[in-house]
Amino acid sequence: MIKKDTWVEIHKVLLNPHERSEHIPQDTKRVPFEMRIKGRLLNDAEVGDQVEIETETKRIETGILIKANPYYQHDFGTYVEKVRIMKDIILFEMEDHDHE
Amino acid sequence: MSSYERMLLKKNDIMKDALKFDYELFEYPGIGFDYEKLMDHAGFSLDDVKRIQNHQQVGNTPMVELKQLTKYARKFAKKGYGARIFLKDEAMNLSGSFKARRAAMAIYQAKKLGYQGVIAATSGNYGAAVAALAAKNNLKCIIVQECFDSKGIGQPEIIEKARACEAYGAEVVQLSVGPELFYEFLKLLEETKYFNASLYSPYGIMGIETLGEEIHKDILSLCGKAPDVVVCTNAGGGNLTGTARGLKKSGAIHTKIVAASVDLTGLHMASDQDFNKKSFTTGHTGFGIPFTTNPDRSDVPRSAARPLRYMDQYVLVNQGSVFFITQALALLEGMERGPAGNTSLAAAFKLSQSMKEDEIIVVQESEYTGAGKHFNAQIAFAKERGIELKMGDPKEEIPGKNLVFPSSGQMIDVKEIPLDDLRKTYLKRYKDTLLFEEDYEYLSLELNTTLTHVKTLMEANHETKKR
């Protein structure tokens, strides 16, 4: 059970595929137009329930509850050897020696 | 009629309420409008803009001579060649990019007109800028961004931008791929009655004129002359337009204006599947070309960003080269910036090599970097999506398939798009329109060329059509 007033994230389909713009590529037209938004939960609920939230600007939004206490997980990415190689090239080429 | 179509019908009324700016005042009888009158009507002189931005801690960023990068570029230039490369460190603005200049004006106007809040449709730095300035001016703020694909995977750079906006107290509405973002944007404007902090209003453009003026003054005081070349990363066209206007207003009339974009040819911007195959979310051809050849495709009736009026050259660089130069900037100058804002730096690195040693080339912006938007984050994200990573000749890069990093600084190159190709694309939509002399006069201003040349280009379009 996720308690009322918990900071949560919800998901909502804004337009179904048949309601979408005519002027978009087929791969986009096949899928719905979706939204995600965060806010405070207005009633106790479970993940997967249709809920109401109050957003940062005090608007009421409805949607499916997907996450309680959402947090940022983006980072600097995993190790990439090519990044290391570029570093070596730049430092090597800046040394004062003659180039071919 | 779908709810989408119904909303688009209300577009003009919603827009009028959300900007309080009557674009019809400037329309000519034919295809054109009075651009300068539109800009004047906004009612701010360059000095007003400076004063407003000063109050908001925006502008007056450092101009840095990139001596090490210049030295690096000269290794690949003929003797006596290799212009001095300067960088206007716009990352030092509030919120970390030049976009604060645009946001400062939009927010000032919203406040003056008595709006309770602002809304901006942007997945980029502009969101953070609007959010930061709204916070400072006690306005509510909603940022609408195109963020994730149908699998729910978000672009790391856009996720970082959402974090920044939320840090400044904004509400962030995250959407899946598609132009229907505009539908949600209109719906929110109608619901909240907030101000449309459009990137393309006159306020959004005049905010950048101060950048052009500062560049001229900075270089004058450091080098005793105006810059020979200014390179602008080009997406929606506002950056280039405002910078060029500011340079001209301050008297730098001979400075050559170069547009630079990351080459994403082949990737469709409204494609769900292509969305996460690109390593740049802005500064690329997916915005640069359409907004240059059709500026009025924006979220206002007449865009104040009209880059073809001002550009002298348009060059493209590949994704791998921008990552390479981003790394070089950190390694050789101690400046961790970008990557998207370094598009013009990659171009300047190459262009400087065919300029004389005593000439000056200015890269007119930088942007903050961080988790998600760091170049390592973008490259690792591409690798996870199955994009091949290669060292080699950047010319072999195929957007969406691979990233090719130059195996030497010498291989960083630019691909030029002839301005006449862009002009012809611009003119295509008038091929079945009866044009009068005043229409041609308007077009000659829009395309920054002679009336005769406009007519020649129109005829060339007809020839291609017949063939």
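The values are calculated or read from the model by the stated rules, or taken from the named source; none is laboratory data. Being a predicted model, the structure only gives us computed values, none of them experimental. All Cβ positions, even for glycine, are placed from backbone atoms using ideal geometry, and neighbour counts span all protein chains on display.
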### Task
Run down A:Pro70, A:Pro25 and say which single residue is surrounded by fewer than 17 Cβ atoms within 10 Å (Cβ to Cβ) and either facing chain B (nearest Cβ under 9 Å) or touching a Gly at 6+ places or on another chain (Cβ under 8 Å) (or both).
A:Pro25
### Summary
Screening B:Leu25, B:Leu19, B:Leu38, B:Leu9 for residues that are touching a residue at least 12 places away in the same chain (Cβ under 8 Å), of a type outside the set (S, T, N, Q), outside the structural domain of B:Ala330 (by TED's automatic domain parsing) and surrounded by fewer than 16 Cβ atoms within 10 Å (Cβ to Cβ) leaves only B:Leu25
## Note on the structure
If you go through A:Leu41, A:Leu14, the only one that is touching an Asp or Glu at 6+ places or on another chain (Cβ under 7 Å), at pLDDT 95 or above and closer than 20 Å to B:Ala121 by Cβ is A:Leu14
### Message
Quick check on A:Glu61: is it within 20 Å of the chain's Cα centre (by Cα), without any contact (Cβ under 8 Å) to a residue 24 or more places away in the chain and in a strand (DSSP E or B)?
### Response
no
### Query
In the range B:369-384, what count of residues is obtained for those that are in contact (Cβ under 8 Å) with a residue 24 or more places away in the chain, among the small types (Gly, Ala, Ser) and at the interface with chain A (Cβ under 8 Å from one of its Cβ atoms)?
3
### Message
If I ask for residues that are within 20 Å of the chain's Cα centre (by Cα) and over 14 Å from B:Glu5 (Cα atoms), which ones from the range A:1-28 would you list?
### Response
A:Thr6, A:Trp7, A:Val8, A:Glu9, A:Ile10, A:His11, A:Lys12, A:Val13, A:Asp27, A:Thr28
### Checklist (1) surrounded by 21 or more Cβ atoms within 10 Å (Cβ to Cβ); (2) assigned to a helix (DSSP H, G or I); (3) out of contact with any strand residue (DSSP E or B) (no Cβ under 8 Å at 6 or more places or on another chain); (4) more than 14 Å from chain A (Cβ to nearest Cβ) applied to B:Val58, failing item
(2)
### Task
Output the residues belonging to the range B:310-328 that are more than 15 Å from B:Gly288 (Cβ to Cβ) and either aromatic (Phe, Trp, Tyr) or within 21 Å of the chain's Cα centre (by Cα) (or both).
B:Asp312, B:Gly320, B:Ser321, B:Phe323, B:Phe324, B:Ile325, B:Thr326
### Summary
Across (1) buried (at least 24 other Cβ atoms within 10 Å of the Cβ); (2) outside any strand (DSSP E or B); (3) within 14 Å of chain A (Cβ to nearest Cβ); (4) not polar (S, T, N, Q), B:Val118 clears everything bar (2)
### Task
Could you pull out every one of the helices (runs of 4 or more DSSP H) wholly within the range B:278-356 that has 1 or more residues that are away from every other protein chain (no Cβ under 14 Å)?
B:285-293, B:343-351
### Query
If you scan the range B:174-208, which residues turn out to be assigned to a strand (DSSP E or B) and surrounded by 24 or more Cβ atoms within 10 Å (Cβ to Cβ)?
B:Ser176, B:Phe195, B:Asn196
### Query
Just one of the numbered conditions (1) within 7 Å of chain B (Cβ to nearest Cβ); (2) crowded, with 19+ Cβ neighbours inside 10 Å; (3) farther than 30 Å from B:Phe76 by Cα; (4) not small (Gly, Ala, Ser) is not true of A:Phe76; which one?
(2)
